[in-house]
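Read-outs throughout are calculated quantities, based only on the coordinates presented, and are distinct from any laboratory measurement. Only a predicted model underlies this, so the values are computations on that prediction, with no experimental measurement involved. Cβ atoms come from the backbone with ideal geometry, glycine included; neighbour counts cover every protein chain shown.
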Amino acid sequence: MASTTTQHPFAALTPIPPALPTIRDEDWRFTPLKAVTAQPWSVPSTAPVKHDTPDLGGARVVFVNGRADEAQSRLSGLPAGVTISRELAPLQQASPERPFVALNAACARAGAVIRVARNVKIEHPVLVVYSSSDGAAFTRLRLELEQGAELSVAEHFCGTGRHFLGSITEAVIGANASLKIARVVADSAQAVHVGEFNARLGRDARLVLDSIALEAEFARTELRVELDGEGSHCDLRGLALARGTALFDHQIHVDHAKPHATSRQLFRNVLDDRSRGVFSGRVIVRPGALGTDAQQQNNNLLLSDDARVDTKPMLEIYADDVKCSHGATSGQLDANAVFFLRSRGLDEATARHLLTFAFANEIIEHIAVPGVQQWLSAQMGERFHGLGGTARSNEQ
Amino acid sequence: MAQNESIQALTEQEYKHGWVTHIDSDQVPAGLSEDVVRLISAKKNEPQWLLEWRLRAYRHWLTMKEPTWQKPKYPAIDYQSVIYYSAPKPKKELSSLDEVDPELLATFEKLGISLDEQKRLAGVTSNVAIDVVFDSVSVKTTFQEELKKAGIIFCSFSEAVHNHPELVKKYLGTVVPFTDNYFATLNSAVFSDGSFCYIPKGVRCPMELSTYFRINSAGTGQFERTLLVADEGAYVSYLEGCTAPSRDENQLHAAVVELVALKGAQIKYSTVQNWYPGDKDGKGGVYNFVTKRGVAEENAKLSWTQVETGSAITWKYPSCILKGDNSVGEFYSVAMTRDYQQADTGTKMIHIGRNTKSTIISKGISAGHGDQTYRGQVKILKSAVGARNFSACDSLLLGDKCGAHTVPYIESSNAGAIIEHEASTSKISDEQIFFLRQRGLSEEDAVNLIVNGFCKDVLSELPMEFAVEAQKLLGLKLEGAVG
């Protein structure tokens with residue numbers, strides 16, 4: 001609980017901020033909020049902030065310091081049946097009991113709603129950019145896909161300097177509809193993020209989500225998926241490449257509410273320097289959700305003796321005709337593999353980079369949103385001294 | 001469906017240890033206060049230091065709150081209605097252990113534990129030394145003489161306090177301090193008896209040591225404490241079994257087990273827990289809230305094996321603190337819940353020393369409205385260079401109203417550590433049953449065979465006498481349980 005003697009870090013934004021969680025709360029056990037509570041957050045400035053997100057060829061929705069930036073956005077030229085409106089839709093799925101959801105409810109100034117009508121498919125992904133420079137901002141994005149609709153979205157969290165962004169994305173995916181979404185945190189090294197993605201899937205609906213954290217001081221991503229239709233499917237993947245003193249946290253919550261739904265989770269952490277990685281994955285199979293098939297996998301690679309990983313893959317099952325499994329591993333690079341590469345003439349640094357890149361690239365090369373993989377390959381190249389350029393394309 | 005019926009039949013097996021022995025007992029009044037703690041200590045004629053230790057624990061307990069984080073849900077326990085001490089009343093002063101009340105001997109005879117006869121398996125020379133705990137006190141320890149020859153001390157806790165106070169004082173509370181958790185602290189304040197065992201340097205204990213616990217009196221709680229010390233290079237295998245009468249009220253069992261494995265020592269601790277699980281509507285049964293922990297010094301090995309079939313609620317996490325370099329921790333568990341039983345069990349492996357290794361194999365079987373959770377922690381400290389952990393947790397669901405949950409915590413602060421965890425949940429498929437039936441097995445036998453196969457990795461870790469008992473127990477528990 002926030003101490004009463006010091007000022008609440010969000011006091012400048014809302015008169016009655018909710019108490020922030022501490023490591024005594026089970027959901028925050030491994031995620032100390034030092035980066036959030038270190039000093040109070042101000043209301044962000046209104047100065048424009050540029051971003052370097054590549055053009056993915058489709059519509060663009062830009063938030064700057066939590067406010068809509070029409071100059072950088074491109075909302076026209078959408079196919080019939082697709083609308084993007086700049087409205088701040090009320091939160092519907094996120095639980096108001098969670099402190100950062102309550103803060104969002106109280107403090108969000110700008111939002112967007114993307115609606116795709118029945119059986120409409122969009123060719124190019126919609127790019128949503130959150131660019132920030134200072135202060136604390138909260139945003140909301142709502143995605144509504146009617147029956148049979150298809151949409152792909154790329155969310156990019158970027159900026160400069162120390163700032164806080166609390167984002168909530170809610171998606172309602174109708175029967176037989178399909179959403180592909182990539183969330184990329186590639187921000188300044190002082191940035192603080194608490195993001196939530198919430199989705200409800202109808203019958204035979206599909207969701208493919210990639211959550212990539214490349215740079216920030218603190219990035220917590222909560223992914224909550226409710227498989228509320230028979231035969232629905234979700235594919236959740238994540239990669240956190242942490243260095244410095246960064247803390248990257250993925251909290252996954254998959255709720256199998258209806259029979260014959262399938263879910264896949266694959267999350268990887270690569271932790272260097274004094275960074276920390278957290279993974280908590282929870283799969284709930286409700287009574288009656290027969291024929292559920294859920295798989296969960298978490299692999300962690302520790303590159304430094306000072307890095308730390310905490311992982312908690314959970315299964316909570318209340319039905320018998322189910323197939324559920326999970327696996328988690330943690331370790332360092334295989335000394336034999338490094339030796340093999342060195343025997344082939346690679347120096348130690350290159351050998352280690354190659355192996356680390358291969359581990360991380362298994363997530364990158366499967367990113368489903370068109371164009372995002374090429375973009376991130378370039379970013380990976382910077383990290384891994386040019387290796388990123390060799391990334392295989394999966395888009396035919 | 002025939003299959004369902006056989007599952008049902010299996011799950012509806014009566015609890016066969018549910019009878020009561022009518023024996024006068026010496027009880028303290030229900031309720032808990034400093035006076036009760038003093039009274040228990042006085043009844044046991046304890047030295048001052050132990051009374052002080054109890055009182056410190058009691059005072060600390062008053063400042064603690066009952067934990068609420070765990071999965072099992074149960075109505076609030078009224079700690080003032082529990083009888084904290086109950087001992088069978090001796091008809092006269094016992095001059096030797098042979099003068100134990102025949103009524104008591106008959107009780108254990110009925111449970112299949114013969115105190116007079118030395119239990120020998122045909123063709124096998126190994127035998128078992130048993131310490132028997134009835135309600136709050138230890139009634140008899142067999143084979144003491146033989147063990148003495150090897151220098152082994154195996155006796156009730158109270159005897160140890162009187163005869164070997166230096167050992168008890170040295171090790172009591174070193175693994176589970178009295179401040180550890182709510183139930184361990186309660187136990188520290190009011191523990192009545194239990195077993196004490198000390199294996200001297202380099203001695204390999206020639207027989208299995210065993211404690212048998214029985215709750216008999218109504219309204220009593222059982223709070224025993226086991227302390228097992230294996231000195232450098234020693235080896236011991238220790239077995240523990242439990243039963244209680246069928247009663248409508250819930251009885252509390254809050255035990256503490258401390259294992260100390262010094263340099264190069266090995267301790268193998270096996271439990272077959274079959275406390276009264278409550279009736280088929282979930283009424284009554286024992287709350288089994290137990291703290292078990294061991295510490296392993298350099299090159300030492302700790303191995304926990306448990307078969308948990310009884311208790312309305314089981315809540316225990318036998319743990320290993322792998323303190324010394326190259327120490328090894330193992331945890332093998334089969335937990336079976338049916339009717340309205342709940343089990344929240346698992347282990348903690350704390351890797352501190354270099355090149356420490358741990359293995360966790362957990363098998364959960366849930367039937368009826370049973371609910372069970374594997375909750376475990378693997379923690380690798382920065383100092384644990386070269387640490388290795390492998391965990392596998394499998395659950396088998398029999399019926400669509402039961403639940404199975406897996407909650408592992410994996411915390412690694414060492415890049416050199418290798419940790420693997422895997423878990424799966426499944427049911428017995430119709431194809432498997434069909435195949436076995438087609439081979440001439442009855443529905444029930446088929447289920448039994450599959451479940452025993454499922455648990456084989458764990459059962460094979462048990463000492464033979466226990467493995468047979470455990471297998472039978474699972475069979476009985478299963479009668480009628482597959483869907």
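Values computed for the structure shown
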item	result
Residue order, fewest to most surrounding Cβ atoms within 10 angstrom, among B:Phe223, A:Phe157	B:Phe223, A:Phe157
Bridge type composition, the protein assembly as shown - antiparallel percent by DSSP, nearest 5	10 percent
Spatial separation of Cα centroids for region A:11-37 and region B:290-324, in angstrom	35 Å
Hull volume in cubic angstrom per residue (convex hull over the Cα atoms of the protein assembly as shown)	183 Å³
Ranked list, fewest to most other Cβ atoms within 10 Å of each Cβ, for A:Ile284, B:Ile380	A:Ile284, B:Ile380
Residue exposure sequence - B:Trp49, B:Trp61, B:Trp304 - by fewest surrounding Cβ within 10 Å	B:Trp49, B:Trp61, B:Trp304
Fraction of the pair-distance distribution of region A:1-121 above 24 Å, Cα-Cα pairs, percent	46 percent
Region A:294-310-region A:188-260 distance, computed between alpha-carbon centres (Å)	17 Å
Euclidean distance between Cα centres, region A:323-364 to region B:51-82, Å	49 Å
Extension gain, B:Lys201 back to B:Ala76 (0.36 nm per residue minus Cα-Cα distance, nm)	40.4 nm
Protection proxy ranking of A:148-154, A:114-120, A:210-216, B:77-83 - average other beta-carbon atoms within 10 Å, highest first	A:210-216, A:148-154, A:114-120, B:77-83
Alpha-carbon radius of gyration plus Dmax, which is the widest Cα pair, for region A:10-69 in Å	16.6, 46
Set B:Lys65/B:Lys379; A:Lys323/B:Lys348; B:Lys65/B:Lys316 screened for pairs whose C-alpha atoms are more than 23 Å apart	B:Lys65/B:Lys379; A:Lys323/B:Lys348
Gain upon complete extension [B:Asp445, B:Lys472; 0.36 nm per residue less C-alpha separation]	8.5 nm
Residues B:Leu167 and A:Leu346, FRET efficiency given R0 of 60 Å [Cβ-Cβ distance, rounded to 0.05]	0.50
Cα principal axis extents for region A:209-362, largest first, Å	56, 33, 21
Fraction in percent of alpha-carbon pairs per bin - 5 Å, region B:373-483	2, 10, 16, 16, 16, 14, 10, 7, 5, 3, 1, 0
Region A:28-67 residues near the modelled B:Lys65 label - backbone nitrogen below 11 Å, point 7 Å along Cα→Cβ	none
Spacing of the two label points (7 Å from each Cα toward its C-beta) at A:Glu70 and A:Asp273, in nm	4.1 nm
Dipole-positive endmost among A:Ile23, A:Thr37, A:Ile122 within the protein assembly as shown (Cβ charges, Cα centre)	A:Thr37
Per-peptide average of other Cβ atoms within 10 Å, ordering B:432-438, A:297-303 highest first	A:297-303, B:432-438
Computed E for A:Gln7/A:Leu88 - FRET, C-beta separation, R0 30 angstrom, nearest 0.05	0.65
Expected-Rg normalisation [2.2 N^0.38 Å, Cα atoms] applied to region B:302-378	1.20
Area projected by the alpha carbon convex hull of region B:345-438, averaged over all directions, nm²	6.8 nm²
A:His366/A:Ala189 FRET efficiency (R0 25 Å; Cβ-Cβ; nearest 0.05)	0.40
Pairwise Cα inverse-distance average, inverted: Kirkwood Rh of region A:26-332 (Å)	19.5 Å
Spatial extent of region A:52-97: Rg and Dmax, with the Cα atoms as the point set, Å	13.4, 39
